[in-house]
Amino acid sequence: MREDLVPYLAEEAGVYNGALAPLQGKAIPRCYGLYVGSGECGQIACLVLEHWGECLHQPFDKLSLDIRMRILERLGEIHRQGLLHGDFAERNVLELNGDIRIIDFDQTEYHDCDCDMNFRPGEKLPDAEEFGCEQLWEVCRSDMRIWDVG
Ligand SMILES: [Zn+2]
């Protein structure tokens, strides 16, 4: 990774091995460490992650409800650890035999989540405030489309 991007990678490594450490091998891939050295063009860095699954090949709303719910469960686990994924998109979701891992944590923010992670698919669109988390509400509504919007 380019020298000017090394701090972002270091920040991401800090997230993997800090707040999200308990989720390694479950909601996120295992992280084997950040390696920094010097090359011809300055500092170079590499974050070594477990090789796991493949990026989603379909938009969220084309996936089976099972897979969408699994993704929400994983995203919910990240919220429970007190973090907001700053760049949630298909390219940052890995799938392998129906299981899910979420990646790319260089834009995370601290987050106090009030959602009880009971997503209630198929039910009527809940009130965002009662739901308890604006980001998860938006993901459920517009990305995963799990609710009946009438
Ligand atoms: Zn939340």
Angle between the chain longest axis and helix 65-80 axis [Cα atoms, degrees, rounded to 10]: 60 degrees
Added length on full extension, which subtracts the Cα-Cα distance from 0.36 nm per residue, Arg120 to Glu73: 15.7 nm
The chain, relative contact order in percent, only Cα pairs under 8 angstrom and at least six apart counted: 22 percent
Rounded accessible area per residue of the stretch 1-141, 1.4 Å, Å²: 57 Å²
The stretch 79-150: C-alpha gyration tensor shape, a/c 1.5 cut-off, then a/b vs b/c: oblate
Residue order for Lys26, Lys124 - accessible surface, 1.4 angstrom probe, largest first: Lys124, Lys26
Rounded, prolate or oblate (a/c below 1.5 giving rounded, otherwise prolate when a/b exceeds b/c) for the stretch 61-118 by Cα gyration tensor: oblate
Label point 7 Å beyond Cα of Ile44 along Cβ direction - residues of the stretch 12-28 with amide nitrogen under 11 Å: none
Rounded tilt (10° steps) of 6-17 against the dominant C-alpha axis of the chain: 60 degrees
Value of [θ]222 nm, deg cm²/dmol, for the chain, DSSP H segments ≥ 4, -39500 (n - 2.57) each, nearest 500: -7000 deg cm²/dmol
The chain - percent of accessible surface contributed by carbon and sulfur, probe 1.4 Å: 46 percent
Kirkwood-Stokes translational diffusion coefficient of the chain, alpha-carbon pairs, 10 °C, 1.306 mPa s, µm²/s: 97 µm²/s
Order of exposure, largest accessible area first, which applies to Tyr32, Tyr110, Tyr16 with probe 1.4 Å: Tyr110, Tyr32, Tyr16
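The values are calculated or read from the model by the stated rules, or taken from the named source; none is laboratory data. The shown structure was predicted, so the numbers you read here are calculated from the model rather than taken from an experiment. Counting neighbours? That spans all protein chains shown, and the Cβs are built from the backbone with ideal geometry, glycine included. Areas reflect the complete protein model, heavy atoms only, side chains present, ligands, DNA and RNA absent. Shrake-Rupley method; radii C 1.70, N 1.55, O 1.52, S 1.80 Å.
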